[in-house]
Amino acid sequence: MSDQPEVRIDPLVWWTARVILAPIFRLVFRLGWHGAENIPSDGPTLFVANHISMWDPPMLGYALAGRRRIFFMAKQELFANSLVAKILCRGGAFPVDRGGADRAAIRTARDILARGDALLMFPEGTRFKSGELGPAWPGAGALALAEGVTVIPIGVSGSNRRFGPARIIIGGPLDLSDLTTGARGERSQIAADRMMAAIGALLADTATPRAAGTR
């Protein structure tokens, strides 16, 4: 894919989506989350999470919305319909070709972070419906190494079950300050691997019962 559509967050689309999705997340999935205090209020922020369900991007956007509105990559196939594509792009989503290195998507991601906004990525690159963690791809790691970017790991559980309960654990900033020398590709992979390790540690916490909607 060589070109990217304009991606922005339209307040009307954003709040309409929240109103529609709120009862689904709270009543059907019984969504609960904690660690909101770890969300930076501003500045370039890269949220990285495990990916187990198609519900993960909107669910994470809903949980993080109290402090940040996020942009995120979505598989190219979702943008096939022009009307759906327009809604997605106005909701902060932009397409990525998962079949290879999508340079246009990477440029969009870099631009989002460079202007101080927040971006959500899944280092595994695809869904693992079983809930097990997959291997990390270096793309998220490369973005994390950009100057000034804060990396926040997130563990997601239960979104792959029809009636939940779904839990989101937001961790503290990931320290990648030692990754300043050596081949960039190597450093990117190390950063991505650390993201998955941090996510794995957070997932161990999701076994703790929490009330739906915990902030």
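The values are calculated or read from the model by the stated rules, or taken from the named source; none is laboratory data. None of the values given here were measured: they were computed from a predicted structure. Backbone-built Cβ (ideal geometry, glycine too); neighbour counts: all protein chains shown. Quick note on the areas: whole protein, heavy atoms, side chains included, nothing else; ligands and nucleic acids left out. Shrake-Rupley method; radii C 1.70, N 1.55, O 1.52, S 1.80 Å.
Laid out as a table, the results:
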| item | result |
| --- | --- |
| Condition met for I39 (modelled with pLDDT of 90 or more and surrounded by 18 or more Cβ atoms within 10 Å (Cβ to Cβ)) | yes |
| Residue in the stretch 146-157 that is part of a loop (DSSP other than H, G, I, E, B) and touching a helix residue (DSSP H, G or I) at 6+ places or on another chain (Cβ under 7 Å) present | yes |
| Residue in the stretch 31-53 that is in contact (Cβ under 8 Å) with a residue 24 or more places away in the chain, more than 29 Å from L176 (Cβ to Cβ) and of a type in the set (A, V, I, L, M) present | yes |
| Selected residue [open to solvent by 40 Å² or more (accessible area, probe 1.4 Å) and either in contact with a Ser or Thr (Cβ under 9 Å, 6 or more places away or on another chain) or assigned to a loop (DSSP other than H, G, I, E, B) (or both)] from E132, E124 | E132 |
| Scope the stretch 102-119; condition of a type in the set (D, E) and open to solvent by 20 Å² or more (accessible area, probe 1.4 Å); matching residues | D111, D117 |
| Long-range neighbours under 7 Å by Cβ, at least six apart or interchain, first residue more than 18 Å from A197 (Cβ to Cβ) and of a type in the set (A, V, I, L, M) within the stretch 138-149, second assigned to a loop (DSSP other than H, G, I, E, B) and open to solvent by 10 Å² or more (accessible area, probe 1.4 Å) | V149/P44 |
| Those residues of the stretch 190-215 which are at pLDDT 85 or above and open to solvent by less than 60 Å² (accessible area, probe 1.4 Å), in sequence order | A191, A192, M195, M196, A198, I199, G200, L202, L203 |
| Residue match in the stretch 90-101 (condition: open to solvent by 20 Å² or more (accessible area, probe 1.4 Å) and either part of a strand (DSSP E or B) or among the aromatic types (F, W, Y) (or both)) | yes |
| Total residues in the stretch 65-86, condition surrounded by fewer than 19 Cβ atoms within 10 Å (Cβ to Cβ) and assigned to a strand (DSSP E or B) | 1 |
| Residue ID - nearest to I169 (Cα to Cα), chosen from residues in the stretch 13-29 that are buried (at least 17 other Cβ atoms within 10 Å of the Cβ) and touching a strand residue (DSSP E or B) at 6+ places or on another chain (Cβ under 9 Å) | A17 |
| Among (1) surrounded by fewer than 19 Cβ atoms within 10 Å (Cβ to Cβ); (2) under 11 Å from L46 (Cα atoms), the one test that A140 misses | (1) |
| Tabulated pairs, the stretch 182-203, first of a type in the set (A, V, I, L, M), second open to solvent by 30 Å² or more (accessible area, probe 1.4 Å), C-beta under 7 angstrom, 6+ apart or interchain | A191/L145; A192/W137; A192/P138; M195/L174; M196/L133; A198/L174; I199/L133 |
| Qualifying positions in the stretch 143-163 - surrounded by fewer than 18 Cβ atoms within 10 Å (Cβ to Cβ) and small (G, A, S) | A146, G148 |
| Where M54 falls short, out of the listed (1) of a type in the set (A, V, I, L, M); (2) at pLDDT 85 or above; (3) in contact with an Asp or Glu (Cβ under 9 Å, 6 or more places away or on another chain) | (3) |
| Extreme residue, nearest to A136 (Cα to Cα), among residues of the stretch 171-188 that are open to solvent by 60 Å² or more (accessible area, probe 1.4 Å) and either among the β-branched types (V, I, T) or in a helix (DSSP H, G or I) (or both) | E186 |
